[in-house]
1. Could I get the Rg over Rh figure for the chain? Both from C-alpha atoms, Rh via Kirkwood, rounded to two places.
2. By how many nm would the segment from A34 to V66 grow when fully extended, if each residue of separation counts as 0.36 nm and the alpha-carbon distance is taken off?
3. Per DSSP H run of at least 4 residues, take -39500 (n - 2.57); add these up for the chain, divide by its residues and hand me the 222 nm value, nearest 500 deg cm²/dmol.
4. Nothing charged except the Cβ atoms of Lys and Arg (+1) and of Asp and Glu (-1): what's the magnitude of the dipole of the chain about its Cα centre? Round to the nearest 20 debye.
5. Go through region 21-30 residue by residue and turn each phi into a ³J(HN,Hα) via Karplus (6.51, -1.76, 1.60, θ = phi - 60°); whole Hz please, and just put x for glycine and proline.
6. As an exercise, use a Förster radius of 30 Å and the Cβ-Cβ distance of V53 and D74 to find the FRET efficiency, rounded to the nearest 0.05.
Amino acid sequence: MSTVQEARNMVMTLSASERASLAHELILSLDDPANDQLSASQETEIQRRLALVREGTALGRPANEVFEDIRAYDEAQLHKADRVPFEQAVREIQQDYEA
């Protein structure tokens, strides 16, 4: 039996919460720390927003509004691939008309 199979068998004896905790730790271990680098402008923006929160002057929005904006953006991006540039659409219509 392989080491991976032995580990899998052992893990399956854990409780659901223990397996979830282990799964979380394993997933985190896959993250590449190089991806955690922020640009100078990102770091500046984070510090600016943090200062607003600490000063009590930060303006927030209800989470449901934020999530709705995200859903709308995702929906627009999803359908963006379906769009045809105007010039291409005109050519296709002309080709269909001429045929």
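Each value in this text was obtained by applying a stated rule to the coordinates, not by laboratory testing. Note that this is a predicted model, so its numbers are computed, not measured. Glycine also receives a Cβ, built like all others from the backbone with ideal geometry; neighbour counts cover every protein chain displayed.
1. Ratio value, two decimals: 1.24.
2. Separation in residues times 0.36 nm, less the Cα-Cα distance, equals 8.7 nm.
3. After summing the helix terms and dividing by the residues of the chain, the value is -23000 deg cm²/dmol.
4. About 360 debye.
5. Values per residue, Gly and Pro as x: 5, 5, 4, 4, 4, 5, 5, 4, 5, 7 Hz.
6. With a Förster radius of 30 Å, E is 0.65.
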